[in-house]
Amino acid sequence: MSITLVSIYPTLLGTYGDGGNVMALQHRARLHGLEVDVVQVDPGDPVPEAADLYVLGGGEDSAQTAAASALRADGALKRAADNGAAVLAICAGYQLLGEYFPDSTSTPTPGLEILDIRTDRLPKRAVGELAATAKDPLDQILTGYENHAGATHLGPDATALGVVRSGIGNGDGSEGATAGHVIGTYLHGPCLARNPQIADLLLGWAAGTRLTFIEEPEVTQLREERLRTVLG
Ligand code: GLN
């Protein structure tokens, strides 16, 4: 079984090691005996529409606005997500999946409307460790690092990924959003190195099968260390 994974605009969207999510997906796929074909799409390149899994990272405000307008003009990511492809989007990538997000101007920037979310500004920038309890099917504490100015509000067609235990997340006590096979989150880290359960969930969606989680002791130890710093 081979999965096509598209890394979207890593030159624009890839702050705080988010490129590591692609490496984590390749690693977890190998553990599960899945082959992954990685396609990097740079700004100006067309986004392939028939891939199984799309990954977007975080970015500065200007890079985020440029990425959103290029992806809106291209249209393929929205069509792929609407057709059931799996998507992981971090921070700026998460915000731009919604209806709008703020940039340096007073007019909100339109997003891709893949997730039923809207982002405006937090009273104070959120910087630091973030931990959130995720519900089924992840059913575990998620760990990561956040650095953003956005407060994200979920509409009825999106479900929060988790409940914040430490940090800010969406700004209302919830963290991230999910709908169908799409996950958006404020967790950098990289997210999938710290939370391999999310990697397996995405790979299972992409492969059309449910994967049984394979534990790696060094990752469990890393997670425990990171969580101890904020939860004690
Ligand atoms: N520019 C966005 C914000 O500050 C996203 C930041 C990020 O991706 N780290 O909210």
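Worth a mention:
- For segment 209-231, a residue qualifies if it is in contact (Cβ under 8 Å) with a residue 12 or more places away in the chain and not polar (S, T, N, Q), and the qualifying residues are L211, F213, I214, E216, V219, L222, R223, R226, L227, V230, L231.
- Candidate set: segment 105-148, residues that are open to solvent by 20 Å² or more (accessible area, probe 1.4 Å), within 10 Å of the ligand (Cβ to nearest atom) and in contact with a helix residue (DSSP H, G or I) (Cβ under 8 Å, 6 or more places away or on another chain); chosen: the one nearest to P190 (Cα to Cα): Y145
- Tallying residues that are under 20 Å from the mean Cα position of the chain (by Cα) and among the β-branched types (V, I, T) within segment 186-232 yields 2.
- Unique match (being within 23 Å of S69 (Cα to Cα) and in contact with a strand residue (DSSP E or B) (Cβ under 8 Å, 6 or more places away or on another chain)) among V36, V6: V6
- Unmet criterion (only one of (1) open to solvent by 10 Å² or more (accessible area, probe 1.4 Å); (2) near the ligand (Cβ under 10 Å from one of its atoms)) for G93: (1)
- Residue count for segment 16-32, restricted to those that are within 14 Å of the ligand (Cβ to nearest atom) and either open to solvent by less than 10 Å² (accessible area, probe 1.4 Å) or part of a helix (DSSP H, G or I) (or both): 4
- Within segment 162-177, tally of residues that are crowded, with 23+ Cβ neighbours inside 10 Å and more than 16 Å from the ligand (Cβ to nearest atom): 1
- Inter-residue pairs, beta-carbon under 6 Å, first among the hydroxyl-bearing types (S, T, Y) and in segment 91-105, second within 8 Å of the ligand (Cβ to nearest atom) and open to solvent by 10 Å² or more (accessible area, probe 1.4 Å), 6+ apart: S104/D61
- Considering segment 37-67, the residues that are without any contact (Cβ under 8 Å) to a residue 40 or more places away in the chain and within 19 Å of L202 (Cα to Cα) include one that is nearest to the ligand (Cβ to nearest atom), namely Q40.
- Count - residues of segment 204-232 that are touching a strand residue (DSSP E or B) at 6+ places or on another chain (Cβ under 7 Å) and closer than 18 Å to A86 by Cα: 3
- For segment 157-170, the set of residues classified as over 22 Å from L13 (Cα atoms) and either touching a Cys at 6+ places or on another chain (Cβ under 9 Å) or of a type outside the set (D, E) (or both) consists of A158, T159, A160, G162, V163, V164, R165, S166, G167, listed by residue number.
The values are calculated or read from the model by the stated rules, or taken from the named source; none is laboratory data. Only a predicted model underlies this, so the values are computations on that prediction, with no experimental measurement involved. Here Cβ is always computed from backbone atoms with ideal geometry, including for glycine, and neighbour counts include all displayed protein chains. Accessible surface areas use protein heavy atoms only, side chains included; no ligands, DNA or RNA. Shrake-Rupley method; radii C 1.70, N 1.55, O 1.52, S 1.80 Å.
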